[in-house]
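A short write-up of the structure that comes next.
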Amino acid sequence: MVLDTLGRALHGALQKLTRAKHVDEQAIKELVRDIQRALLQADVNVQMVLELTKRIEKRALEEKLPLGATRKEHIIRIVYRELSTLMGRPMPFQLKPGQTTTLLMVGLQGSGKTTSVAKLATYFKKRGFRVGVVCADTFRPGAYEQLSQLGQQVGIEVLGDPKAKNSIKLAKEGVERFGKGRFELIIVDSAGRHRKEEALMEEMRQIAKVVSPDEIMLVVDGTIGQQARDQAAAFKATTDIGSILVTKLDGTAKGGGALSAVAATGAPIKFIGVGEHIDDLEPFVPERFVARLLGMGDIETLLKRIEEAARAEEVKPADMRAIMAGKLTLRDVYEQLEMIGKMGPLKKLMQMIPGVGVALPDEQMRVGEEKLKRFKVIMQSMTPQELEDPKLLNVSRIRRVARGSGTSEADVRELLKQYELMRKFIKTMVKGRGVKRGPLAKLLKQMPKDFQGGVGS
Ligand SMILES: Nc1nc2c(ncn2[C@@H]2O[C@H](COP(=O)(O)OP(=O)(O)O)[C@@H](O)[C@H]2O)c(=O)[nH]1
Ligand SMILES: [Mg+2]
């Protein structure tokens with residue numbers, strides 16, 4: 001797992017709270033001290049740690065308990081939310097279908113640019129985008145070799161010249177040769193031969209002038225901890241089309257420091273690197289990241305969170321009753337997807353579903369998550385009537401929705417097929433067949449009870 005040390009320490013702190021007989025001021029103070037220690041060890045800035053823990057303590061002591069939640073659950077939720085805020089706001093990297101996005105990668109020497117270029121190219125290639133790579137790393141002799149070999153393996157065009165000396169010229173020529181239109185994503189790797197911020201920013205300005213990127217991504221080495229703040233701040237002051245990729249979050253105790261320091265500058269972190277392997281790249285979603293960090297990924301806690309979400313009235317009891325009666329609309333599906341999004345990795349959810357059982361390969365799971373996102377976008381293009389009554393979606397409406405959401409008609413049809421399957425699945429479940437054992441059955445048993453008792457005035 002990412003950031004093992006920090007994760008273990010935070011998880012330990014919460015476990016202590018969970019085991020405590022009484023959640024009194026004493027227990028809360030102890031929790032806060034444990035969290036402080038864990039964050040300081042992860043090199044999070046002292047001032048930030050103090051402010052954060054003060055907020056946690058105040059909220060834990062003063063906030064009224066939400067209906068149906070225990071004090072422990074409530075405090076865990078406060079910690080989870082506050083830590084997520086500390087790590088920043090989610091800022092997904094988005095490509096515009098049918099258009100070319102040019103992404104310029106910059107960063108200090110050794111920060112992980114070339115590796116990250118390879119990871120990003122593979123990531124988007126796997127998701128069906130046409131990707132081209134310009135290797136303008138004239139500093140490391142092996143960089144071009146590395147990228148072009150990878151390009152051959154996964155089918156990505158790579159331009160570069162291992163003998164060229166002028167990185168800026170190389171970048172310019174590469175982007176020109178690729179031209180607009182042929183690719184949806186052009187990634188430009190830069191030399192980044194500098195060790196100091198100012199020199200790096202100057203190099204970035206020069207290269208950006210000739211490449212005109214749509215976005216500049218600063219690659220920051222996560223092992224430098226809170227020092228990352230200076231880099232991110234200098235970067236944010238230099239460009240307003242910037243985003244951040246923090247690397248090496250595996251095997252570093254200081255990753256929490258790096259992430260929080262970057263987040264504090266307001267520069268959006270879009271990806272994180274979690275290993276040397278080509279697949280060790282993740283879009284950065286603070287809440288999901290923190291959930292994992294806190295070890296909230298296991299099924300018991302997941303179930304707890306589903307109940308919590310339900311109690312938070314994200315599913316209205318009336319709706320739930322309708323769903324249980326077999327009346328599932330696309331709007332319900334949409335709301336479920338929203339909820340799943342809030343609950344963290346799909347992998348964990350999938351493990352709960354009978355018949356899916358053990359984990360699917362990570363890559364498959366990531367693609368699955370992408371698909372859910374696409375479904376959401378599709379549903380956003382539907383009218384309220386269509387959401388209530390999907391049968392309305394005939395050929396011409398499907399075409400309109402596909403166009404409106406920037407997806408294909410096949411995508412829309414796939415969603416409708418999934419919806420139909422889901423509807424049937426729920427119907428069978430409600431009749432008591434299908435799911436007899438396992439966590440989902442348990443969940444279902446709990447749900448109506450809670451809805452009758454816990455929610456409402
Ligand atoms: N453990 C780990 N190592 C990484 C990660 N990203 C990059 N590296 C390593 O960092 C070193 C420098 O990477 P490189 O891409 O050449 O950096 P560049 O000089 O910025 O292009 C290489 O040894 C990479 O394998 C990561 O997420 N995790
Ligand atoms: Mg490089």
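Quick notes on this one:
- Those residues of segment 2-39 which are in a helix (DSSP H, G or I) and open to solvent by 80 Å² or more (accessible area, probe 1.4 Å), in sequence order: ARG8, LYS16, ARG19, GLU25, GLN26, ARG33, ARG37
- Residues in segment 202-223 that are open to solvent by 30 Å² or more (accessible area, probe 1.4 Å) and either not acidic (Asp, Glu) or not assigned by TED's automatic domain parsing to the domain that holds VAL262 (or both): ARG205, GLN206, LYS209, VAL210, SER212, THR223.
- Residues (open to solvent by 70 Å² or more (accessible area, probe 1.4 Å) and either assigned to a helix (DSSP H, G or I) or under 18 Å from ASP332 (Cβ atoms) (or both)) located in segment 373-395: LYS373, ARG374, GLN380, PRO384, GLN385, GLU388, LYS391, VAL395
- Residue within segment 60-70 that is touching a helix residue (DSSP H, G or I) at 6+ places or on another chain (Cβ under 6 Å), assigned to a loop (DSSP other than H, G, I, E, B), outside the structural domain of LYS254 (by TED's automatic domain parsing) and open to solvent by 10 Å² or more (accessible area, probe 1.4 Å) present: yes
- Test: residue in segment 261-274 that is within 16 Å of ligand 1 (Cβ to nearest atom), closer than 28 Å to THR122 by Cβ and part of a loop (DSSP other than H, G, I, E, B): yes
- Check on ASP250, closer than 29 Å to GLN41 by Cβ, in the same structural domain as LYS165 (by TED's automatic domain parsing) and open to solvent by 30 Å² or more (accessible area, probe 1.4 Å): yes
- Applying the set (1) open to solvent by less than 30 Å² (accessible area, probe 1.4 Å); (2) within 16 Å of ligand 2 (Cβ to nearest atom) to LEU185 leaves exactly one unmet item: (2).
The values are calculated or read from the model by the stated rules, or taken from the named source; none is laboratory data. Note that this is a predicted model, so its numbers are computed, not measured. All Cβ positions, glycine included, derive from the backbone under ideal geometry; neighbour counts span all protein chains shown. For the accessible areas, the whole protein counts, side chains as well, though only heavy atoms, and no ligand, DNA or RNA atoms are used. Shrake-Rupley method; radii C 1.70, N 1.55, O 1.52, S 1.80 Å.
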